[in-house]
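A.B. asks: Structure in structure tokens, see below.
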Amino acid sequence: MVGLLQPRQMTSFCAIASVANCIPYSSSFSSNKPSFFKHQRKDPVVKFTCRAKNDDQRPETTTKNGENSPEKLDRRDVLLGLGGLYTTSLAVNPMAISKPALPDFKDCIEATQPNGTPINCCPPPLVDEVTDYCPCATTVNIRKAAQSFTVDSDYYKKYSKAIQKMKNLALSDPRNFLQQANVHCAYCDGGYTQQGHPNLLYEIHNSWLFFPWHRWFVYFFEKICQNLIDDDTFALPFWNWDAPAGMQIPPIYNSGVTSPLYDTLRNPKHLPPSVVNLEWFNDDATVEPEVQIKYNLAIMYRQMITQSKTQIDFFGNPIRDGDDVPKISASGTIEITPHNHMHSWTGTSVDPNNPINMGVFYSAARDPIFSAHHTNIDRLWTIWLNQLKGTNITDPDWLNAYFIFYNEEAKPVRVRIQDGLDITRLGYAYEEVPIPWLDASAKPKSRTKAKTLPSAPDPAQVFPTTLDKPINVIVKRPKKSGSGSSEEILVIEGVEYDKRSYVDFNVYINEDDVNACRPDNAEFLGSFSNLPHGHQMSVKTDRQFRISEVLEELGAQDYDRVLVTLVPKSNPVKINGIKIKFDP
């Protein structure tokens, strides 16, 4: 497991990594020496970029003399090493065929609140040139569970000191706490357009950019904390709301209004001892804490295991250069639940047009608990790779995508997804804590037979329609076509909604009484959710659920049709169809 590493252990790692993973190149993009190399080399001219590891599919090419050949550089080095900010063209170099979606960092525009009110969350103007960042940690610090710290602990004092110092910085300093929150706002609420496409907004939610962007954001937030308290052993905690021990707001974030870690705009109904609801949406139904914990564990099993079989399931849809995000975006399973629901559970929900911090994206990072929420999201990524044997995406358009952040010295740096995949090179790992949801699979509420299913129309008779009340349809299953047939996928087609609105609806299969169905019942497939953010924009996307294992649990694997029920929990959305297909 990732957490096996101990703090301060890898004292020689950077020396090795600087040789094995970084190669010199000439760059017209930057003239400043990256600060993280200042104790490793004396040459102020040579710039570095990270070389591929064994699984990066980027072999090194050398001359007979052992030197890098400028004529045979691999595609990623051509794209990102020689021409600065992705300036190589096909006309100049036919190898430059990878086209990831990239932010136009030079032209930040006003983002918007959910009601359309402009909000300027652009970072301070660039003073220094942007440099490439190659992570090369000399040690590995352990991020620990937030609930393990008390408000009188040395760690709390250190952590709160770092956040207070960040809040005290001038607004002109990009490391200022509000400016850090604005970084998230700019990237997710329409502050940037796509590079080369000024009419298309850039978006780091609802796609495969979600996990890596937030990893890098929290990484630099942590580095800023280390810098401000002059302690490179400091590591942010993670709020492991996925296990019973962490299913409350941790004490260090609830120590009173004078604490730098406290936020007054959290939902007052959800302060301790309230237990988190990983699928909450403005519905505080009263259940006993142990029951809610049971539900939460079943939700985690469903999202991390049952519904996360592939990279697309887990990470979300690809977003490439020139893609119109609202028309093709689709979140990964974890981003939908529990990520979105934990945002709305934590933040107040009175009015999405006023600052409610965790409850909407533009203000979410103004609550210090945001970083602990996202360190846990990042931890789930490591669990999916290690315990659950998932694999990272190898598509060049994902690996070569980059973001711009300000580092701990307030210098703008460019980071690539590829260079953030090994967290030991980033200098952190996660404490080992129990993962009880690994054994918390949902069980059927009842063994409903297909012949007893209530009568309901065919999808073609119902859709397209507005989901403003529960809808039942009988969906035919596709016929198997021999050995080529694989797992069945239920597709809710063409979900249309305004991305500025709270959206949430539940999906059930072979359930004739949804009011009696609970989150730990197999008949409950899950939900679709949207947290308000960005410009006025109509989004159209699909929501998919894997159902082969569920049908087997329900004893319905041999039937030719299933009952599907959609239940709205929020603002109505338009649904264009429902079908079942085989996973290709």
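A.B. asks: Take the residues of segment 131-153 that are aliphatic (A, V, I, L, M) and either closer than 17 Å to residue 426 by Cα or assigned to a loop (DSSP other than H, G, I, E, B) (or both): which is most open to solvent (accessible area, probe 1.4 Å)? Give the derivation first.
C.D. replies: Quick first cut of segment 131-153, residues aliphatic (A, V, I, L, M) only: 137, 140, 142, 145-146, 151.
Narrowing further to those that are either closer than 17 Å to residue 426 by Cα or assigned to a loop (DSSP other than H, G, I, E, B) (or both): 137, 140, 142, 151.
On the way: 137: 17, 140: 0, 142: 23, 151: 66 Å².
The extreme case among them is 151.
A.B. asks: Then there's this: Which members of segment 294-304 meet the condition of being open to solvent by 30 Å² or more (accessible area, probe 1.4 Å) and within 20 Å of residue 378 (Cβ to Cβ)?
C.D. replies: 301
A.B. asks: Taking segment 164-194, which residues are surrounded by 20 or more Cβ atoms within 10 Å (Cβ to Cβ), under 30 Å from residue 528 (Cα atoms) and polar (S, T, N, Q)?
C.D. replies: 180, 182, 194 - these are the residues of segment 164-194 that are surrounded by 20 or more Cβ atoms within 10 Å (Cβ to Cβ), under 30 Å from residue 528 (Cα atoms) and polar (S, T, N, Q).
A.B. asks: Which condition does residue 341 not pass, out of (1) surrounded by 21 or more Cβ atoms within 10 Å (Cβ to Cβ); (2) more than 30 Å from residue 552 (Cα to Cα), if it passes all the others?
C.D. replies: So the condition that residue 341 fails would be (2).
A.B. asks: If you don't mind, there's one more thing I want to ask. Under 6 Å by Cβ, and 6 or more places apart or on different chains, what pairs join a residue from segment 506-521 that is in contact (Cβ under 8 Å) with a residue 40 or more places away in the chain and within 16 Å of residue 283 (Cβ to Cβ) with one that is of a type outside the set (A, V, I, L, M, F, W, C) and part of a helix (DSSP H, G or I)?
C.D. replies: From segment 506-521, the pairs are 519/295.
A.B. asks: What are the pairs, 6+ residues apart or on separate chains, where a residue within segment 368-384 that is open to solvent by 10 Å² or more (accessible area, probe 1.4 Å) has its Cβ under 7 Å from a residue that is in a helix (DSSP H, G or I) and polar (S, T, N, Q)?
C.D. replies: none
A.B. asks: Also, quick follow-up: Answer yes or no: is there a residue in segment 523-538 that is of a type in the set (Ser, Thr, Tyr) and surrounded by 18 or more Cβ atoms within 10 Å (Cβ to Cβ). Working first, answer last.
C.D. replies: As a first pass, look at segment 523-538 and keep what is of a type in the set (Ser, Thr, Tyr): 527, 529, 538.
Still in the running and surrounded by 18 or more Cβ atoms within 10 Å (Cβ to Cβ): 527, 529.
Yes, because at least one residue in segment 523-538 is of a type in the set (Ser, Thr, Tyr) and surrounded by 18 or more Cβ atoms within 10 Å (Cβ to Cβ).
A.B. asks: Does residue 503 satisfy being surrounded by fewer than 22 Cβ atoms within 10 Å (Cβ to Cβ) and either on the phi > 0 side of the Ramachandran plot or under 23 Å from the mean Cα position of the chain (by Cα) (or both)?
C.D. replies: On the way: surrounded by fewer than 22 Cβ atoms within 10 Å (Cβ to Cβ): no; either on the phi > 0 side of the Ramachandran plot or under 23 Å from the mean Cα position of the chain (by Cα) (or both): yes.
Criteria not met by residue 503.
A.B. asks: So, residue 291, is that one surrounded by 18 or more Cβ atoms within 10 Å (Cβ to Cβ), free of Cβ contacts under 8 Å to residues at least 60 places away in the same chain and farther than 19 Å from residue 547 by Cβ or not?
C.D. replies: Details: surrounded by 18 or more Cβ atoms within 10 Å (Cβ to Cβ): no; free of Cβ contacts under 8 Å to residues at least 60 places away in the same chain: yes; farther than 19 Å from residue 547 by Cβ: yes.
No: the conditions fail for residue 291.
A.B. asks: Find the residue count for segment 305-324, including only residues that are assigned to a helix (DSSP H, G or I), surrounded by fewer than 24 Cβ atoms within 10 Å (Cβ to Cβ) and out of contact with any Lys or Arg (no Cβ under 7 Å at 6 or more places or on another chain).
C.D. replies: Start the filter on segment 305-324 by keeping residues that are assigned to a helix (DSSP H, G or I), which leaves 305-306, 311-315.
Next, only the ones that are surrounded by fewer than 24 Cβ atoms within 10 Å (Cβ to Cβ) stay: 305-306, 311-313.
Next, only the ones that are out of contact with any Lys or Arg (no Cβ under 7 Å at 6 or more places or on another chain) stay: 305, 311-313.
Total meeting the criteria: 4.
A.B. asks: Same structure, new question: So if I check each of 473, 413, which one is part of a strand (DSSP E or B), farther than 30 Å from residue 203 by Cβ and either open to solvent by less than 10 Å² (accessible area, probe 1.4 Å) or touching a residue at least 60 places away in the same chain (Cβ under 8 Å) (or both)?
C.D. replies: On the way: 413 fails: farther than 30 Å from residue 203 by Cβ.
The match here is 473.
A.B. asks: Please tell me if residue 527 is of a type in the set (Ser, Thr, Tyr), farther than 21 Å from residue 580 by Cα and either part of a loop (DSSP other than H, G, I, E, B) or within 26 Å of the chain's Cα centre (by Cα) (or both). Please lay out each step first, then the result.
C.D. replies: Working: of a type in the set (Ser, Thr, Tyr): yes; farther than 21 Å from residue 580 by Cα: no; either part of a loop (DSSP other than H, G, I, E, B) or within 26 Å of the chain's Cα centre (by Cα) (or both): yes.
For residue 527, the condition - of a type in the set (Ser, Thr, Tyr), farther than 21 Å from residue 580 by Cα and either part of a loop (DSSP other than H, G, I, E, B) or within 26 Å of the chain's Cα centre (by Cα) (or both) - is not met.
A.B. asks: If the requirement is being β-branched (Val, Ile, Thr), over 30 Å from residue 363 (Cβ atoms) and modelled with pLDDT of 90 or more, which of these qualifies: 573, 567, 562? I'd like the intermediate steps shown before the answer.
C.D. replies: Details: 573 fails: over 30 Å from residue 363 (Cβ atoms); 567 fails: over 30 Å from residue 363 (Cβ atoms).
The match here is 562.
A.B. asks: A follow-up question, please. Exactly one of (1) assigned to a helix (DSSP H, G or I); (2) among the acidic types (Asp, Glu); (3) buried (at least 20 other Cβ atoms within 10 Å of the Cβ); (4) over 13 Å from the mean Cα position of the chain (by Cα) is unmet by residue 397. Its number?
C.D. replies: Checking residue 397 against (1) assigned to a helix (DSSP H, G or I); (2) among the acidic types (Asp, Glu); (3) buried (at least 20 other Cβ atoms within 10 Å of the Cβ); (4) over 13 Å from the mean Cα position of the chain (by Cα), the one that fails is (3).
A.B. asks: While we're on this one: Considering only residues that are touching a residue at least 60 places away in the same chain (Cβ under 8 Å) and more than 21 Å from residue 363 (Cα to Cα), which ones fall in segment 242-251? Please lay out each step first, then the result.
C.D. replies: Initial filter on segment 242-251 (touching a residue at least 60 places away in the same chain (Cβ under 8 Å)): 242-246, 248-251.
Those that are touching a residue at least 60 places away in the same chain (Cβ under 8 Å) and more than 21 Å from residue 363 (Cα to Cα): 242, 243, 244, 245, 246, 248, 251.
A.B. asks: Restricting to segment 539-584, give me the number of residues that are touching a Leu at 6+ places or on another chain (Cβ under 6 Å) and either of a type in the set (D, E, K, R) or open to solvent by less than 70 Å² (accessible area, probe 1.4 Å) (or both). It would help to see each step written out before you state the result.
C.D. replies: Of the residues in segment 539-584, the ones touching a Leu at 6+ places or on another chain (Cβ under 6 Å) are 545, 547, 557, 563, 566, 568, 572-573, 575, 580.
Still in the list and also either of a type in the set (D, E, K, R) or open to solvent by less than 70 Å² (accessible area, probe 1.4 Å) (or both): 545, 547, 563, 566, 568, 573, 575, 580.
Residues in segment 539-584 being touching a Leu at 6+ places or on another chain (Cβ under 6 Å) and either of a type in the set (D, E, K, R) or open to solvent by less than 70 Å² (accessible area, probe 1.4 Å) (or both): 8 in total.
A.B. asks: While we're on this one: Cβ-Cβ under 9 Å, sequence separation 6+ or interchain: first residue in segment 104-133 and under 24 Å from residue 409 (Cβ atoms), partner of a type in the set (Asp, Glu) and part of a loop (DSSP other than H, G, I, E, B). Which pairs?
C.D. replies: From segment 104-133, the pairs are 121/110; 121/189; 122/110; 124/173.
A.B. asks: Out of everything in segment 205-227 that is of a type in the set (A, V, I, L, M) and over 8 Å from the mean Cα position of the chain (by Cα), what residue ends up being surrounded by the most Cβ atoms within 10 Å (Cβ to Cβ)?
C.D. replies: First, pick out the residues of segment 205-227 that are of a type in the set (A, V, I, L, M): 209, 218, 224.
Then drop every residue that is not over 8 Å from the mean Cα position of the chain (by Cα), which leaves 218, 224.
On the way: 218: 24, 224: 27.
Of everything passing the filter in segment 205-227, 224 is surrounded by the most Cβ atoms within 10 Å (Cβ to Cβ).
A.B. asks: Anything in segment 481-498 that is at pLDDT below 80 and assigned to a loop (DSSP other than H, G, I, E, B)? List them, or say none.
C.D. replies: As a first pass, look at segment 481-498 and keep what is at pLDDT below 80: 481-485.
481, 485 - these are the residues of segment 481-498 that are at pLDDT below 80 and assigned to a loop (DSSP other than H, G, I, E, B).
A.B. asks: Of a type outside the set (Lys, Arg) and at pLDDT 95 or above, is that true of residue 186? Working first, answer last.
C.D. replies: Numbers: of a type outside the set (Lys, Arg): yes; at pLDDT 95 or above: no.
Against the criterion (of a type outside the set (Lys, Arg) and at pLDDT 95 or above), residue 186 does not qualify.
A.B. asks: So how many residues does segment 266-283 have that are open to solvent by 60 Å² or more (accessible area, probe 1.4 Å) and in contact with a Lys or Arg (Cβ under 6 Å, 6 or more places away or on another chain)?
C.D. replies: Summing the residues that are open to solvent by 60 Å² or more (accessible area, probe 1.4 Å) and in contact with a Lys or Arg (Cβ under 6 Å, 6 or more places away or on another chain) in segment 266-283 gives 0.
A.B. asks: Right, another one. Name the residues in segment 193-249 that are assigned to a loop (DSSP other than H, G, I, E, B), farther than 29 Å from residue 409 by Cβ and not acidic (Asp, Glu), would you?
C.D. replies: In the first step, residues of segment 193-249 are kept if they are assigned to a loop (DSSP other than H, G, I, E, B); the result is 195-196, 202-209, 229-237, 239-243, 247-249.
Those left that are additionally farther than 29 Å from residue 409 by Cβ: 196, 206-208, 240-243, 247-249.
Within segment 193-249, 196, 206, 207, 208, 240, 241, 243, 247, 248, 249 qualify.
A.B. asks: Scanning segment 416-430 for residues that are β-branched (Val, Ile, Thr) and either at pLDDT below 95 or not in a loop (DSSP other than H, G, I, E, B) (or both), which turns out surrounded by the most Cβ atoms within 10 Å (Cβ to Cβ)? Explain how you work it out, then say what you get.
C.D. replies: Filtering segment 416-430 down to residues β-branched (Val, Ile, Thr) leaves 417, 423-424.
Imposing the further condition that a residue be either at pLDDT below 95 or not in a loop (DSSP other than H, G, I, E, B) (or both) reduces the set to 423-424.
Numbers: 423: 23, 424: 17.
The residue in question is 423.
The values are calculated or read from the model by the stated rules, or taken from the named source; none is laboratory data. The structure displayed is predicted, hence computed values, not measured ones. Every residue, glycine as well, gets a Cβ built from its backbone with ideal geometry; the counts of neighbours run over all protein chains shown. Heavy atoms of the whole protein, side chains included, go into the accessibility calculation; ligands, DNA and RNA do not. Shrake-Rupley method; radii C 1.70, N 1.55, O 1.52, S 1.80 Å.
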